[in-house]
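Undergrad: Quick one: the structure is below, questions incoming.
The values are calculated or read from the model by the stated rules, or taken from the named source; none is laboratory data. Small disclaimer: the values here were computed from a predicted structure and weren't measured. Backbone-built Cβ (ideal geometry, glycine too); neighbour counts: all protein chains shown. Heads up: the accessible areas ignore ligands, DNA and RNA and are worked out on the full protein's heavy atoms, side chains in. Shrake-Rupley method; radii C 1.70, N 1.55, O 1.52, S 1.80 Å.
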Amino acid sequence: MIELPIEDTGSNYALHPTKIVCLGRNYRAHAKEFGNEPPTEPLFFVKTPTCLIPHGAPIILPPPDLCIKRVDHEIELAVIIKHSCKNVPSNEVMERLEGFTVFNDITARDLQREDISNKRPWFRSKNLDTFGPIGPRLVPAGSIDPGNLDLTLKVNGELRQHANTAAMVFKIPEQVAFISRYMTLEPGDIIATGTPHGVGPLANGDVVDATIDGIGTLENPVTASR
Ligand code: MG
């Protein structure tokens, strides 16, 4: 069980998602860096709670027998659902949110490309164990404006990703309203709102710092599998 300290309260929020719904290509410059147009409606996929790890825990690279050569970082603003959402109108979304934290949508990029080119789901490339660092704390909804937050990701101190959530193609109310037309979002579910440009590979021994202003820095080392 991962617990996030709740800002200014001294108490913790225990993560209990049934699913992590992730937006794809939700920043134009990131869609473009892989030769894609931004989608005309929210594009989403699911990660399973088994991939989650807390602030400070290692991202473990896949074992050699899986022949995965490239594992990427993707900083994202994460939204946690407080009240169940089904067919929720976009103007009622914000009152249904618990709060915000930082998520790193770790991706086996070469496996994802291979599966896409073979018209297979990209599920496995997103769901290896430890591919969902989250934290370091929860900022309650209402205390920050999620539509105007700087995101910065550094690897070993080197800047890789830097953008603002204002550049999202689909804003949080549209995302949640759209997803809730297809599936019920349960209390505790996590929405990962997409990554900006600058995604890149990780290697054994790296240290990844993912920072969102007003929330904090999610730091995770990268290790080879044992
Ligand atoms: Mg992503």
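Undergrad: What does the extension gain come out to for residue 123 and residue 6, with contour length at 0.36 nm per residue minus their alpha carbon separation?
TA: Details: separation 117, 0.36 × 117 = 42.12 nm, distance 3.09 nm.
Full extension of this stretch gives 39.0 nm more.
Undergrad: What is region 102-226's relative contact order, in percent, from Cα pairs under 8 angstrom and six or more apart in sequence? Could you put the intermediate results ahead of the total?
TA: Details: 168 pairs, mean separation 36.4, N = 125.
Once divided by the residue count of region 102-226, the mean separation gives 29 percent.
Undergrad: Right, here's the next one. Could you let me know the centre-to-centre spacing of region 100-125 and region 1-75, using Cα atoms, in angstrom?
TA: Rounded to whole Å, the Cα centres lie 10 Å apart.
Undergrad: Pop a pseudo-label 7 angstrom from the Cα along the beta-carbon direction at both residue 57 and residue 159 and give the gap in nm to one decimal.
TA: Here the modelled spin labels are 3.1 nm apart.
Undergrad: Here's something else I'd like to know. Using heavy-atom solvent-accessible surface (probe 1.4 Å) with all chains present, what is the largest-first order of 86, 32? Could the numbers behind the result be given before it?
TA: Numbers: 86 95, 32 160 Å².
Sorted descending by solvent-accessible area, the residues read 32, 86.
Undergrad: Continuing with this model, one more query. Kindly give Rg over Rh for region 22-95, based on alpha-carbon atoms, with the Kirkwood expression for the hydrodynamic radius.
TA: Working: Rg = 16.3 Å, Rh = 15.9 Å.
Taking Rh as the inverse mean 1/r over Cα pairs, Rg/Rh reads 1.02.
Undergrad: Could you give the length gained on full extension between residue 143 and residue 67, defined as 0.36 nm per residue of separation minus the Cα-Cα distance, in nm?
TA: Values: separation 76, 0.36 × 76 = 27.36 nm, distance 4.41 nm.
Fully extending the segment from residue 143 to residue 67 adds 22.9 nm.
Undergrad: Sticking with this structure for a sec: Report Rg/Rh for the chain, rounded to two decimals, where Rg is the Cα radius of gyration and Rh the Kirkwood radius.
TA: Working: Rg = 16.3 Å, Rh = 17.4 Å.
Rg/Rh: 0.94.
Undergrad: Sticking with this one: So how much slack lies between residue 225 and residue 167, counting 0.36 nm per residue of separation and subtracting their Cα-Cα distance, in nm?
TA: Numbers: separation 58, 0.36 × 58 = 20.88 nm, distance 3.58 nm.
Extra length from residue 225 to residue 167 when fully extended: 17.3 nm.
Undergrad: Now a separate question. Report the local net charge at residue 80: Lys and Arg +1, Asp and Glu -1, summed over other residues whose C-beta lies under 15 Å from its C-beta. Walk me through the numbers on the way to the answer.
TA: Values: positive: 19, 47, 82, 96, 137; negative: 3, 7, 76, 95, 98, 186, 189.
Here the count lands on -2.
Undergrad: Averaging sequence separations of C-alpha pairs under 8 Å and six or more residues apart, then dividing by the length of the chain, give the relative contact order as a whole percent. All intermediate terms of the calculation are to be shown ahead of the outcome.
TA: Numbers: 574 pairs, mean separation 72.6, N = 226.
Relative contact order, the chain: 32 percent.
Undergrad: Share of region 2-223's accessible area from carbon and sulfur, percent, 1.4 Å? Don't skip to the end; give the middle numbers.
TA: Numbers: 4900 of 9400 Å².
Looking at region 2-223 in its full context, I get 52 percent from C and S.
Undergrad: Of the listed peptides 188-195, 5-12, 174-181, what is their order by residue-averaged count of other C-beta atoms within 10 Å, with the highest listed first? Kindly include the intermediate steps, with their values, before the conclusion.
TA: Numbers: 188-195: 25.4, 5-12: 12.1, 174-181: 19.1.
Ranking, from highest mean packing down: 188-195, 174-181, 5-12.
Undergrad: Put a dot 7 Å past each Cα toward the Cβ at residue 45 and residue 92; how far apart are the dots in nm?
TA: Each label point is offset 7 Å from its Cα along the Cβ direction, giving 3.2 nm.
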